[in-house]
Structures are given as structure tokens and as C-alpha cells.
1. In deg cm²/dmol, rounded to 500, what helix-only [θ] at 222 nm does chain B give when every DSSP H run of at least 4 residues adds -39500 (n - 2.57) and the total is split over its residues?
2. Checking a compactness column here: for the protein assembly as shown, what do you get for Rg(Cα) / (2.2 N^0.38 Å), N being the number of residues?
3. Using heavy-atom solvent-accessible surface (probe 1.4 Å) with all chains present, what is the largest-first order of A:30, B:128?
4. Quick one: compute the contact order of segment A:1-143, relative version, from alpha carbon pairs under 8 angstrom and 6+ residues apart, as a percent.
5. Can you give the accessible area of residue B:9 in Å² (nearest 10), computed on protein heavy atoms with a 1.4 Å probe?
6. If the chain between residue A:47 and residue A:99 were fully stretched, how many nm would it gain, using 0.36 nm times the residue separation less the Cα-Cα distance?
7. Using a label position 7 Å from Cα in the Cα→Cβ direction, what is the ascending list of nm distances from residue B:67 to the same site in the other copies?
8. Which distance in Å, rounded to a whole number, links the C-alpha centroids of segment B:63-91 and segment A:59-87?
Number of protein chains: 2
Amino acid sequence: MPIREATADDWPRIWPFWHRIVAAAETYTWDPDTSERAARALWMSPAKRVYVAEDEAGSVVGSAFLTPNYAGPAARVANAGFMVDPERAGRGTGRALAEHVLAEATAAGYRAMVFNAVVETNPAVRLWTSLGFTVLGTVPEAYEHPRHGLVGLHVMHRAL
Amino acid sequence: MPIREATADDWPRIWPFWHRIVAAAETYTWDPDTSERAARALWMSPAKRVYVAEDEAGSVVGSAFLTPNYAGPAARVANAGFMVDPERAGRGTGRALAEHVLAEATAAGYRAMVFNAVVETNPAVRLWTSLGFTVLGTVPEAYEHPRHGLVGLHVMHRAL
């Protein structure tokens with residue numbers, strides 16, 4: 001699956017699934033009503049490296065970002081975020097994006113990667129675990145899930 | 001100890017100890033070279049409620065902020081930050097600020113408070129613990145401390 005750095009031109013192809021995922025309010029700790037303008041500023045921030053995954057026809061089916069999780073004396077710990085078009089799920093896009101971003105983070109000199117807020121009911125927890133991430137701790141009853149009620153937010157970590 | 005909401009006029013009285021604390025690079029995950037302009041944008045952000053503690057003479061001896069730690073479905077978890085002028089340490093200013101901010105967070109409807117990155121060698125860990133915070137987990141070897149080498153970052157939590 002081809003994965004490449006995103007350009008500004010990719011945003012209109014990311015936004016439809018970005019919006020659908022955030023509006024569902026099941027996996028991200030962002031405002032489900034986030035406007036396209038605010039979403040673009042968030043995801044395509046100059047502080048982030050952004051990637052897209054394409055299918056055989058060249059359609060964007062997923063995106064990821066890589067950024068420092070902290071600054072200053074802790075700047076060598078990375079953070080990343082991943083979104084796969086729900087209509088294109090189950091084809092390994094999330095794993096391919098994650099492996100790419102982990103390799104990029106390692107090449108950039110990061111020592112570890114941290115996810116600050118993984119909703120504990122998110123099926124991606126299994127993917128992160130299979131990639132070597134562990135749950136360092138869980139913020140209890142932090143996330144109001146539309147179907148599961150109050151659920152925890154995992155802090156997940158992997159050394160690089 | 002009088003604690004009140006900060007105004008824009010307070011910033012020049014916060015900046016000297018803010019700079020000293022961040023430049024020491026022992027407790028905050030911010031760039032030790034943060035400029036005054038960037039520091040002001042960080043600390044006095046419109047997304048934050050900012051407080052100052054004053055001594056008997058009306059001098060600002062500490063400051064704190066209160067802000068959501070996440071957005072959307074997790075927006076009822078607060079985050080906060082605290083700084084006390086190192087020259088005025090040991091007089092209960094940190095505890096007084098923390099008690100004030102915890103009360104403000106409760107009144108604002110937050111259900112919990114999380115600190116995302118407490119350097120494990122920071123003496124304030126003892127203060128947070130005495131106020132009911134627990135360590136949910138520790139990001140190992142995440143912070144390059146100038147004297148202790150690589151130390152962990154605690155994720156700390158207290159229900160409100």
C-alpha cells in the first residue's frame with residue numbers, strides 16, 4: 001500500500017472521513033462539531049508530519065500524523081494519530097500507516113511513541129498492542145461514549 | 001494568601017519566574033529557550049483560566065492555569081499547571097494555588113483533573129499525592145533531566 005507525505009492538496013480527500021470519525025465521537029477526544037477549517041489546522045499543523053495511504057486507484061483511504069508529544073527536555077518522545085476511512089476499514093491500512101509512522105519516528109531520532117488518550121473501547125487498542133505498545137495507565141471514566149457510557153482513556157507507549 | 005484571576009497586566013510579573021523555571025529544564029516539558037512572547041501565548045491562552053497568588057505586599061509569587069485536558073466527549077477532565085517563584089518557595093503557595101484551582105475546577109463542572117507529564121523527580125509529586133492525586137502510569141525515560149539523566153513522566157489523576 002503506497003504511503004507518502006501529504007500535501008495541502010490532500011486535505012479535501014482527508015476531510016470526509018476525518019469528519020465522519022470525529023463526529024461519531026467514539027474514538028477521538030476532539031469536538032464532534034469541529035469545523036473543516038479547525039480540523040485542517042489541527043491535522044495539517046506545521047508542527048506535524050502528515051502522511052496519506054492510497055489504494056491502487058490513487059484514492060486516499062487513510063491518514064496519519066507524527067509530532068513531538070512534548071517539547072524541551074522530553075522532545076524525543078513522539079505522538080501520532082491515525083484515521084482510516086471507515087468505508088475502507090479492515091484492509092490493513094491502519095497497520096500499514098502505523099508501521100510507516102513508527103519507522104519515520106525512529107529515523108527522526110525519537111526514542112519512544114506515546115498515545116495520550118486511546119478510548120479503551122476502540123478496536124485499535126488491539127492493533128497498538130500487536131505493534132508492541134503497552135498500556136501505561138488508564139484515566140478512568142474520562143470519555144462519554146455514545147453507546148458504552150463513561151469509559152477510560154489509555155495512555156499507551158512503545159519504545160523505539 | 002490572596003488568589004485571584006490574572007489579568008493581562010499580571011504577565012510581566014509572572015514572566016521572570018516562569019522563565020527561570022522553564023529555563024532550568026527540570027520540571028516542565030517546554031522548550032527552555034521559550035521566548036517571552038511564546039510563553040505568554042502558552043500561559044495566558046484564551047482557552048485557559050489563569051490565576052495569581054499574591055503576598056501581603058501585593059507581589060505576584062505564583063501562578064496557575066486551569067483548562068480542559070481534552071475536548072469533545074472527554075471535555076469534563078481538567079488539566080492545570082502551577083508555578084511558584086523559586087525565591088518564594090516553601091511558604092505554601094503551591095498548595096494554596098492547587099486547592100484554589102481544584103475548587104474552581106469542581107465548580108466549573110469538571111469530573112477529574114489530570115497532569116499529563118509530571119517529572120518524577122519533581123518535589124511537587126509529593127504535594128499532588130497529599131492532595132489526593134495518584135500516579136496512573138509513568139512514561140519511562142522520557143525526560144532528559146540536567147542532573148538526574150533520563151527520568152520518567154508521571155500521568156497523575158484525581159477525581160473531583
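The values are calculated or read from the model by the stated rules, or taken from the named source; none is laboratory data. Keep in mind that what you see is a predicted model, and the values were worked out from it rather than measured. Glycine also receives a Cβ, built like all others from the backbone with ideal geometry; neighbour counts cover every protein chain displayed. These accessible areas exclude ligands, DNA and RNA; they are computed on the full protein's heavy atoms, side chains included. Shrake-Rupley method; radii C 1.70, N 1.55, O 1.52, S 1.80 Å.
1. Working: 4 runs with 44 residues, N = 160.
When only DSSP H runs of four or more count, the value is -8500 deg cm²/dmol.
2. Details: Rg = 20.3 Å, N = 320, 2.2 N^0.38 = 19.7 Å.
The protein assembly as shown yields a ratio of 1.03.
3. Numbers: A:30 45, B:128 25 Å².
From most accessible down to least: A:30, B:128.
4. In percent, rounded to a whole number, it is 22.
5. 120
6. On the way: separation 52, 0.36 × 52 = 18.72 nm, distance 2.06 nm.
Extra length available between residue A:47 and residue A:99 comes to 16.7 nm.
7. 1.2
8. For segment B:63-91 versus segment A:59-87, the Cα centre distance is 25 Å.
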